[in-house]
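The values are calculated or read from the model by the stated rules, or taken from the named source; none is laboratory data. These figures come from a predicted structure and were not determined experimentally. In this analysis, Cβ positions are derived from the backbone assuming ideal geometry, glycine residues included, and neighbour counts consider all displayed protein chains. Heads up: the accessible areas ignore ligands, DNA and RNA and are worked out on the full protein's heavy atoms, side chains in. Shrake-Rupley method; radii C 1.70, N 1.55, O 1.52, S 1.80 Å.
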Amino acid sequence: MTEVSPYNRLNELTAKEWLPFTKTWFIHNPPPRKKDEILHPAKYPENLIEDFIRFFTKRDAVVFDPFLGTGSTLVACYNTQRNGIGIELQKKYADIANERIKKVESQTQLTEKGVEKPCKQLVLKDDSSRLDYIWKQYALPNIDFVITSPPYGPMLNKKGLASQEREDKGLDTKYSDDPEDLGNAEGYDDFLTKLVSIFVKLKPYVKEGAYLVVILQNYMDKGEYKMLAWDFAREMAHHYQLRGERIWCQNNKTLFPYGYKYSFVPNVHHHYCLIFKKTEEVKE
Ligand SMILES: C[S@@+](CC[C@H](N)C(=O)[O-])C[C@H]1O[C@@H](n2cnc3c(N)ncnc32)[C@H](O)[C@@H]1O
């Protein structure tokens, strides 16, 4: 139980470390964001991503994030000694990602053998809809694991109490007005089609048997509950095998009085970490 099995094909965890991760829900309360990260409207915590990376890969693996934002995935890769590649459309966020990586790399970490951690992190300021060209242009390696949190549809473009609070503080409430930004897709269906097509373009560069984790949320929009996580899972299942989900519950978020006195409107404080696998069993 305390040794890593030599037959473990997936990761470097002992049985005792493996088991808790298979539970389908967990509570993770992100720590307050640092000054250089708060501008971005939807950063995820790197220590949460580290748990996924440790479960789905071994050291020196290649991890990819097509919606890199402030670079949390690559910081998590550095901390776990994996190689990371990330694409981010907006220069301002790609710059933050590069700065964050520079910072962790300057605090040189040593491996147990006393040598500097050899992993590499690459930030590309580009459009993930072009990723088939990008892969060829930079001759990028095949991928062992994908983890990402895409824009949650046109969700950030709706006004609400939470966005008003950020606006009042002068922080971004949406990523950009860029038409290439997936969050600015023409509507929900257009967004979903564009999002899935990015993962379809990615497929030739994902190793057989590799896993993909996509973190999404369902949300309320003008009185209609958008089943984004479920709709995405159904569409993706035509291209990758759906292996299940882990529900990430947050227990430290402000409760807003949406619908008070009139009707039920949820404070959605959980995300779906949807787990897919590239396998030959799923025929296009
Ligand atoms: C939910 S955020 C990712 C946050 C990231 N996980 C972090 O911790 O900072 C989604 C990101 O996708 C970017 N994005 C939107 N459309 C894109 C596209 N077509 N190509 C690449 N990035 C895109 C947005 O600018 C935004 O930063």
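Surface calculation, 1.4 Å probe, protein heavy atoms: THR24 sits at approximately 80 Å² accessible.
If R₀ is 35 angstrom, what is the calculated FRET efficiency for the pair HIS238 and GLU105, using the beta carbon separation as r and rounding to 0.05? Let's see the in-between values first.
Details: r = 39 Å, r/R0 = 1.13.
Once the sixth-power term is evaluated, E becomes 0.35.
Accessible area per residue for the chain is 53 Å², calculated with a 1.4 Å probe on protein heavy atoms, without ligands, DNA or RNA. Give the distance, in whole Å, between the Cα centre of segment 62-100 and the Cα centre of segment 189-203. Segment 62-100 and segment 189-203 have Cα centres separated by 20 Å. Here r is the Cβ-Cβ distance between TYR260 and ASN29 and R0 is 35 Å; the resulting FRET efficiency, rounded to 0.05, is 0.90. Using the average count of surrounding beta-carbon atoms within 10 Å as a protection proxy, the listed peptides 210-220, 242-252, 196-206 rank, highest first, as 210-220, 196-206, 242-252.
By accessible area, using a 1.4 Å probe on protein heavy atoms only, the chain has 53% of its surface on carbon and sulfur.
Of all DSSP beta bridges confined to segment 21-277, the antiparallel ones make up roughly 50%. Set Lys and Arg Cβ to +1 and Asp and Glu Cβ to -1, take the dipole of the chain about its Cα centre, and tell me which of HIS269, HIS28, VAL62 lies farthest positive. Positive-end residue among those listed: HIS28.
For the chain, what's the relative contact order in percent, using C-alpha pairs closer than 8 Å and at least 6 residues apart? Intermediate results must be reported in sequence, preceding the final value.
Numbers: 494 pairs, mean separation 51.2, N = 284.
RCO, the chain: 18 percent.
Each residue, HIS270 and LYS207, gets one label point 7 Å from its Cα in the Cβ direction; the gap between the two is 3.3 nm. With respect to the chain, whose longest principal axis is taken over its alpha-carbon atoms, helix 91-106 is tilted by about 40°.
Can you give me the convex hull volume of the Cα atoms of segment 21-277, divided per residue and expressed in Å³?
Working: hull volume 34.7 nm³, N = 257.
Measuring per residue, one finds 135 Å³ for the Cα hull of segment 21-277.
With a Förster radius of 30 Å applied to the C-beta separation of LYS194 and VAL4, the computed FRET efficiency comes to 0.15.
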